[in-house]
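Please read the structure below before turning to the comments.
The values are calculated or read from the model by the stated rules, or taken from the named source; none is laboratory data. Here the structure is a predicted model, which is why all the values come from computation and not from measurement. When we count neighbours, we look across all protein chains shown, and the Cβ atoms used for this are built from the backbone with ideal geometry, even at glycine. Note: areas computed on protein heavy atoms with side chains; ligands, DNA, RNA excluded. Shrake-Rupley method; radii C 1.70, N 1.55, O 1.52, S 1.80 Å.
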Amino acid sequence: MDFKRFDTIIDARSPAEYAEDHIPGAISAPVLDDEERAEVGTLYKQASPFDAKKTGAALVAKNVSRHIDELFKGKDKGWRPLVYCWRGGKRSGAMAHILREIGWNAETLEGGYKAYRRFVVSQLQSLPGRFSFHVIHGPTGSGKSRLLGALQRAGAQVLDLEELAAHRGSVLGNLPDRPQPSQKMFESLLLQQLSRLETGKPVYVEGESKKIGQLQVPDALMERMRASPCIVLDTPVETRVDLLLEEYPHFLKDRQALHAQLDCLVALHGRERIAEWKAIADWRELVRRLLVEHYDPAYRRSSHKNFTQLEHAQAVPIARADEAAFALAATSLLDTALVE
């Protein structure tokens, strides 16, 4: 699907539908809001299709009029929008018709959001196989995300799954100011990012588990990553503690939130050990204990089992928890790749 030839992509569905998933970059301009859509649907079932269409038409006209006055007021005659709804039928058709009557070259997306969603699913099954991934590994706190950022700043191609998923990938990985997107929205964002990458150049990605928070990494991408060459970060424990204390400041401010997350580990470690962790007052000691007693054993169990080339991984030392150390590691990696 080529959306680049349009100036604006307009999602005419309800706000709830838009919130669950939408074409990245699309603006929300509902012709019926959530309550209005429910009202029209109820009329259709309980009264008659005629009554539903009459009420719906009045609401659509009112809402499109508002969007023209507010969202589209500054658009000139050459503006070219693409409008879509659930199936590419009445809602997007009504808006596009009004926009065309004004003089704008408005089009509708054939098949609507449902066709777009089928496209996303299909592309995520085939597209990962076209890329050469280099998978960055290392135990929790070793700086994998930091290295991805340094590689990107150095000009390398990067796929940051944790950024797309709004989660750091561990039991403490929730971001306090960013809820995770829906599974469908995550996949839309993932396809958008993959579509921007060049297939002839390596793509650096973190060695994730199948789930990032509540979201699933698509099977085809996961399989491709697990069969790809690996890089492993060699970061001292104390440096990892430094990095984690920088990355999780919200837990330093809200110990109760931390305790609630630790309770999720009762099944693995038992109530006695969880109570021990909660009782540790010194933050560095607590982080060190969590690394040694929980995260490192979990990493050893899963990584070598799932990533077939990890035993042949290139080791990259990270000596300090600062930007310069990761910039140096990124440069070294890219120089090595050029020599190879």
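The table that follows gives values for the structure above.
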quantity: Prolate/oblate/rounded call for the stretch 195-254, Cα gyration tensor, a/c under 1.5 rounded; calculated: prolate
quantity: Where only alpha carbons of the stretch 1-158 are counted, the Rg and the Dmax (Å); calculated: 20.6, 63
quantity: Solvent-accessible surface ranking, highest first, for Val217, Val40 at 1.4 angstrom; calculated: Val40, Val217
quantity: Label-point separation, Lys45 to Met1 (7 Å along Cα→Cβ), nm; calculated: 2.7 nm
quantity: Computed E for Glu272/Thr308 - FRET, C-beta separation, R0 41 angstrom, nearest 0.05; calculated: 0.65
quantity: Rounded if a/c under 1.5, otherwise prolate or oblate - the stretch 280-327, Cα gyration tensor axes; calculated: oblate
quantity: Linear extension gain, Leu71 paired with Asp254, 0.36 nm per residue minus alpha-carbon span; calculated: 61.8 nm
quantity: Three-way shape call for the chain based on the alpha-carbon gyration tensor, with the a/c threshold at 1.5; calculated: prolate
quantity: Percentage of interatomic Cα-Cα distances in the stretch 112-258 larger than 17 Å; calculated: 64 percent
quantity: Normalised contact order of the chain, rounded percent, pairs of Cα under 8 Å and 6 or more residues apart; calculated: 17 percent
quantity: Ratio Rg/Rh [Cα only; Rh per Kirkwood] for the stretch 91-198; calculated: 1.11
quantity: Cys85 - accessible surface, heavy atoms, 1.4 Å probe, Å² rounded to 10; calculated: 10 Å²
quantity: Inter-label distance, nm, simple model (7 Å from Cα along the C-beta direction), Asp177/Thr336; calculated: 3.5 nm
quantity: Viscosity 1.306 mPa s, temperature 10 °C, Stokes-Einstein D of the stretch 1-88 from Kirkwood C-alpha radius, µm²/s; calculated: 113 µm²/s
quantity: Per-q log10 I(q)/I(0), the stretch 236-312, q = 0.21 Å⁻¹ (Debye; single scatterer per alpha-carbon; no solvent); calculated: -1.02
